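I have placed the structure first, in the form of C-alpha cells, so that the comments after it can refer back to it.
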Amino acid sequence: MFTVKIWGDRGSMPVPGPDTVIFGGNTSCLEIRCGKKLVIIDAGSGIRSLGDWIAKNDLKNGPIDADIFLTHTHWDHIMGFPMFTPIYIPGTTLRIHGPVNFEDETLEQIIGSQLSYRYWPVRQDELAAKIKYQSLKETQLDLGDGVIVKTKYLNHPVLCLGYRIEYEGKAMATAYDHEPFINLFPVDPKDPDYDPVIAEEGNKAATEENARVESFFHGADLLIHDTQYSAKEYRASKIGWGHSSFEHAINAANRAKVKHLLLFHHDPNRSDMELQELELFYKEKVKNKSSLKIDASREGQTFTLA
Amino acid sequence: MQENDYARKIKTYIVSMPSLPTTVAKVMEICNNPKTSPTDLDRVISLDPVLMGKVLKLINSAYYGFQNQVTSLVRAIIMLGVNTVKNLALNTAVLDKLSDKSGFRALNMEGFWRHSLCTGVVAKLIARKRGVDAQHLDEYFAAGLLHDIGKVPLNNILSNEYIRAMSLADRERIALYLAEKRTIDMDHAEAGSMIADAWHLDGPIADSIKYHHSLDVYEGPNEIIVMAVAAADYYANREGIGFSGCLYPEKLDPGIYEKLGISKTWLEEIDSLVSTEIEKASVFLNIK
Ligand SMILES: [Fe+2]
Ligand SMILES: [Fe+2]
Ligand SMILES: [Zn+2]
Ligand SMILES: [Zn+2]
C-alpha cells in the first residue's frame, strides 16, 4: 500500500468559510502511508485533524511512530504542530526533519518556540512524545522497509526542500513552496550593471537548476506542485515571492513526464468557484496534447499509488 | 624599552596589517543594506578572490550538501538567494581577520578566537532578545567578534611584555586591560582603536572596540550595542568559553543589565544556545 492523503493544501494562511469548502482551508499537510510506515509532510493547520485521526485509528495498534518532513519553516507549514495530538500521547516517537538556514536557530528552536508560554499553554519540554529533530539538506534517506526519501533544494525566500518518496516502484514528489529559478542579474546590455559574462552565467545557472528540479520529480506518479498564482498574476507582481504559476507547474510536469499533477498551495484569496474554473481551464488546455493528468488539490482526498 | 617605542612599534605593525576597507568594511556596508542587489553583492565579494574562494568552499561544504556543484558566485546567489550569501560573506570576512594564526604567542590563537566568537554570538543573542531587526543582528555579531582586536598587535609584536602583563593581572587579580596599561602603557582598547582608525571603521563596531572596558565615559549614540558587547564579553570570561587572557574581568554595573533588558537568569539559560551557535560558526574556522 502506497497512499497519499491531503489534509491541507492552502497557502500562506488557513481560510475557513463557505468559499473554501471544496478545496479546503487548511494549510499544507500530507499523510503518506508506505506499508506500515507513516510519513507526514508539513505541519500546517491540516495536521490537527490528521493527529486526531491517528489517535483514534492508529493508536490501538500500538504506539505512534512517524517521520515528519517539513518543506521549510515558514509559518503556514509548521503552525499546526502544537495541535498535533500525538505529541501529547506517551509512547509516541517522532522524527522531525527539515532544512534550516545557516545562522538561524536550530529546527528544534524554530518549531519548539511555538510551544512556549507566550504562544501556547504547554511548553516543549512538557510534551509526552519522544521527538528527535534532524536538520536536512539535499540528500537521500533510507527510511527502511523499502521507503526512500530524496530531497532537492527549491527556490523560495528561505531554504526549502522538495521531497520525493519512492516505494514499491512508485514515486510521489513535492515541489512547493517553489518558484522557478531565475537569473537575478541584469541581461539587458543597456543596464549600467550589465556584464555579459555574468548575464550568461546567470542564465546558465537558472536553466540548469530548473532542469535539476525537473529531473528530481521526473516520472513521478504524483507531483504536488506549488501553483499559487496564474502566469499573469506572477508576472504582474509576484516574481521573487517564491511561488509558481499554474502554467509553470504544468509545463515543468509535462516536460518531466509526470503522470499526475496536483495543483497545490492555493492562494488564500482563491474561492472554490475560482479554483473550479481554473482547474477546468487548465484541464481543457492540456487535453489531447499531453497524457498529463491534472487536478486541483482537494482537502480530504486520497491517492493510491500502489 | 621606552614607552613611546611600544606605541611606535604597534603603530608600524598596524599600518602593515592587511587593510580592511576593500574586504570586510565593504562587505559589511553592502551586507547591512537591505536593498543590496545581486550585482552589488557579487561585485563586492569578487573584489577579494580569497574571500570569494572561501564563500564558495563553504557553500559546497557538507553544510548544504551541494557536492561541488556551485562553481560561481553568480550561481550561488541564484541558488541560495542574496540573503544567505550575504550572511556567509559577512561571517567569512570578519572571522578571517581573526584567525590569522601566525604570530600568536602570549595568547593562544584558538582560545582567543573562541572568546571573540562567544562574545559575538552572545551579543547577537542579546540583540535578538531585544527584538533588534534582522539586518542589524550581524552588526552586534561583528562588534562582539572584533571587540578585542587590539590584543592582536599587543600579543604579536610585544609578546614578552604581554606575558608580563598577563602575569601581573594574575598576581594582582586585576583585569587584563589595567595590567596592559601598566606594563605597555597602552591597553587593547587603545590599540584596537588605532586599528579601527586605520581600517576606517566607525559606528558601533569601532565604539565597541574602544569603549567595552570604559562604558562609563562613553557618550556616543551606540550605547546599547557597546553595552551588549561588554555584557557578552563578561559572559564569555565568566563562563570560561575560550580564553581572552583575562581571568579577573571587572564586574558589570547592574544598571547595564537593566538597560539591556536582560536578567542574570536569562544569561544562565542561554548556555546551550551559545554552544550550538559557536559550533555552527566554527564551520568558518575550517575553511582555510
Ligand atoms: Fe577586552
Ligand atoms: Fe574580551
Ligand atoms: Zn507556504
Ligand atoms: Zn513559504
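The values are calculated or read from the model by the stated rules, or taken from the named source; none is laboratory data. Note that the coordinates shown come from a computational prediction; the quantities given were computed from them, not determined experimentally. A quick note on method: Cβ atoms are made from the backbone with ideal geometry, for glycine too, and the neighbour counts reach across all protein chains shown. SASA here: full protein model, heavy atoms, side chains in, ligands and nucleic acids out. Shrake-Rupley method; radii C 1.70, N 1.55, O 1.52, S 1.80 Å.
Could you please let me know if B:Tyr248 is within 15 Å of ligand 1 (Cβ to nearest atom), more than 14 Å from chain A (Cβ to nearest Cβ), of a type in the set (Ser, Thr, Tyr) and surrounded by fewer than 21 Cβ atoms within 10 Å (Cβ to Cβ)?
Numbers: within 15 Å of ligand 1 (Cβ to nearest atom): yes; more than 14 Å from chain A (Cβ to nearest Cβ): yes; of a type in the set (Ser, Thr, Tyr): yes; surrounded by fewer than 21 Cβ atoms within 10 Å (Cβ to Cβ): yes.
When the stated conditions are applied, B:Tyr248 passes them.
Kindly provide the set of residues from segment A:84-120 that are assigned to a helix (DSSP H, G or I), away from ligand 3 (no atom under 16 Å from the Cβ) and touching a Ser or Thr at 6+ places or on another chain (Cβ under 8 Å), ordered by number.
The answer is A:Pro86, A:Leu107.
Among (1) surrounded by 20 or more Cβ atoms within 10 Å (Cβ to Cβ); (2) modelled with pLDDT under 95; (3) β-branched (Val, Ile, Thr); (4) farther than 24 Å from B:Ser159 by Cα, which single condition is B:Ile287 missing?
For B:Ile287, the failing item is (1).
For segment B:140-161, which positions are closer than 16 Å to B:Ala7 by Cβ and surrounded by fewer than 24 Cβ atoms within 10 Å (Cβ to Cβ)?
Within segment B:140-161, B:Asn156, B:Ile157, B:Glu161 qualify.
With the structure loaded, tell me whether A:Asp177 is open to solvent by less than 10 Å² (accessible area, probe 1.4 Å) and either assigned to a loop (DSSP other than H, G, I, E, B) or within 16 Å of ligand 1 (Cβ to nearest atom) (or both) or whether it fails that test.
In short, yes.
Pick from A:Ile239, A:Ile224, A:Ile198: which is within 16 Å of ligand 4 (Cβ to nearest atom) and either of a type in the set (Lys, Arg) or farther than 23 Å from A:Gly24 by Cβ (or both)?
A:Ile239
Restricting to segment A:274-285, name every residue that is of a type outside the set (Lys, Arg) and over 19 Å from A:Asn26 (Cβ atoms).
Within segment A:274-285, A:Glu277, A:Leu278, A:Leu280, A:Phe281, A:Tyr282, A:Glu284 qualify.
Out of A:Ala175, A:Ala211, report the one residue that is modelled with pLDDT of 95 or more and away from ligand 3 (no atom under 16 Å from the Cβ).
The unique qualifying residue is A:Ala211.
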